[in-house]
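Below is one structure; the comments refer to it alone.
The values are calculated or read from the model by the stated rules, or taken from the named source; none is laboratory data. Since the structure is predicted, the reported quantities are computational estimates derived from the model, not experimental observations. For neighbour counting, all protein chains shown are included, and Cβ atoms are generated from backbone atoms with ideal geometry for every residue, glycine included. Heavy atoms of the whole protein, side chains included, go into the accessibility calculation; ligands, DNA and RNA do not. Shrake-Rupley method; radii C 1.70, N 1.55, O 1.52, S 1.80 Å.
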Amino acid sequence: MALKIAMIGTGRIAENKLLPALSNTKDAVLWSVLSRDKARAGETAAKFGAQSSNAAHDNLDAMLADPELDAVMIATPDKLHSEQAIAAARAGKHVFCEKPMTTSLTEADAMIKACNEAGVKLGVAFHIRWHEGHRKLHQAVSDGLLGDLRHIRVQWSSLAPDDGNWRARTDVGKWWSLAGVGTHCLDQILWFMEPTCGEVVEIKSVISRDVWKGPNDETALISLRFASGATADLCSSVVFQAPTQFELYGSKGYARGEGSVGISGEGRMWTDKGDWDFNVIDPYQLEIEDFAAAVRDNRAPEVDGVMGRRNTAILLEATD
Ligand SMILES: NC(=O)c1ccc[n+]([C@@H]2O[C@H](COP(=O)([O-])OP(=O)(O)OC[C@H]3O[C@@H](n4cnc5c(N)ncnc54)[C@H](OP(=O)(O)O)[C@@H]3O)[C@@H](O)[C@H]2O)c1
């Protein structure tokens, strides 16, 4: 039976990516929607065909009291994730949470504990791993394509029109470029490097906030060293626009991507041996399919709460 999922939040990523992807996922359906505005919840529920006869909510506890609901998908500002996830877990609902999972380790630990105690799955939405070119490369690198990994570089910038976004504030946001795109770059780095290079043993950062002069990062540079001695460079920004960059260097070759780190599953990838071909498949659909399969098969989602916590821990160490 298809997993019945409630959408928490009706913003940009919910409307543009998660809900269209959920519509195409055969093992899961949109069941209900929570918004601060019940009319907006109703509009989103109708637009994406929510299946519950009581689909529109403006009260989280009331929505979670629905015995037919199986899981929630959280796409609200970052500082709201943990409270909503913990409420869902305590109501016995599986949790699929947008990135960054939390903005503190206390919240991350509480969220993991609540899900473990309730026996529900906790998945984190790092969709870059589901880009088919990245997945094929990840497998080839594990099989030795590039030899020993020595360095990785990931850059993603997205020009903000102004500082009106909640990520630029501290009430519900903590990081700006790092929360919007940098956390994805970090996930890509950890996913490729940790299996053979070990844990992160050194973190250095440069943070700039000089255009809008607010409290949160505008451009962030983070350098990492892994236990093997391999290194990583991350650049995220909201003050310039450019194609994303992905570079992976090993003792026997390199792989690169332009535009592959992004929201579409597209981009161009190549290695020192030639073009790197892949099919364009919606990475958001694949991450939801993995979450639904994790619930069905009673296994951890590919990106679980422990990985979400590790990502948050590095962001905290780089910025606090
Ligand atoms: N994986 C990805 O590619 C990706 C991309 C973008 C964002 N995200 C993540 O998804 C989450 C939402 O980001 P977004 O870009 O969709 O943000 P957004 O467009 O601002 O939407 C957030 C939604 O959360 C709800 N909300 C509840 N309390 C709120 C508050 N105090 N202030 C603002 N909104 C509030 C709102 O829905 P109602 O008005 O209906 O309550 C709002 O529309 C973030 O954690 C973000 O990092 C992920």
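A full extension of the chain between Phe240 and Asp277 corresponds to an added length of 10.5 nm, given 0.36 nm per residue minus the alpha carbon distance.
Scaled against the 2.2 N^0.38 Å expected of a compact globular protein of N residues, the Cα radius of gyration of segment 1-68 reads 0.99. Determine the share of the chain's accessible area contributed by carbon and sulfur atoms, expressed in whole percent, with a 1.4 angstrom probe. Answer for the chain: carbon and sulfur cover 48 percent of the accessible area.
Three principal axis extents of segment 1-127 based on alpha-carbon atoms, in descending order, are 37, 28, 27 Å. Of the peptides 27-38, 142-153, the order by per-residue mean of other Cβ atoms within 10 Å, starting with the highest, comes out as 27-38, 142-153. A simple spin-label model places pseudo-atoms 7 Å from Cα toward Cβ; at Arg299 and Glu194 they are separated by 1.7 nm. Expressed as a fraction of 2.2 N^0.38 Å, the C-alpha radius of gyration for the chain is 0.98.
For segment 134-144, 3J(HN,Hα) computed residue by residue from phi via the Karplus equation (6.51, -1.76, 1.60; θ = phi - 60°) reads 5, 5, 5, 5, 4, 5, 5, 5, 4, 7, x Hz, glycine and proline entered as x.
The orientation-averaged shadow of the Cα convex hull for segment 165-207, equal to a quarter of the hull surface, comes to 3.8 nm². Report, in whole Å, the centroid distance computed from the Cα atoms of segment 88-126 and segment 169-190. Computed from Cα coordinates, the inter-centre distance equals 18 Å.
Take the chain with all the other protein chains still there, run a 1.4 Å probe, and you get 42 Å² of accessible area per residue. The angle between the Cα long axis of helix 283-297 and the longest principal axis of the Cα atoms of the chain comes to about 60 degrees, rounded to the nearest 10. On the beta carbon distance between Val306 and Thr170, with R0 = 30 Å, the FRET formula returns roughly 0.65. Multiplying the residue separation of Val206 and Ser228 by 0.36 nm and removing their Cα-Cα distance gives an extension gain of 5.6 nm. Principal-axis analysis of the Cα atoms of the chain puts helix 38-47 at an angle of about 70° to the longest axis. Taking a sphere under 12 Å around the Cβ of Arg299 and counting the other residues whose Cβ falls inside, with K and R at +1 and D and E at -1, yields a net charge of -2.
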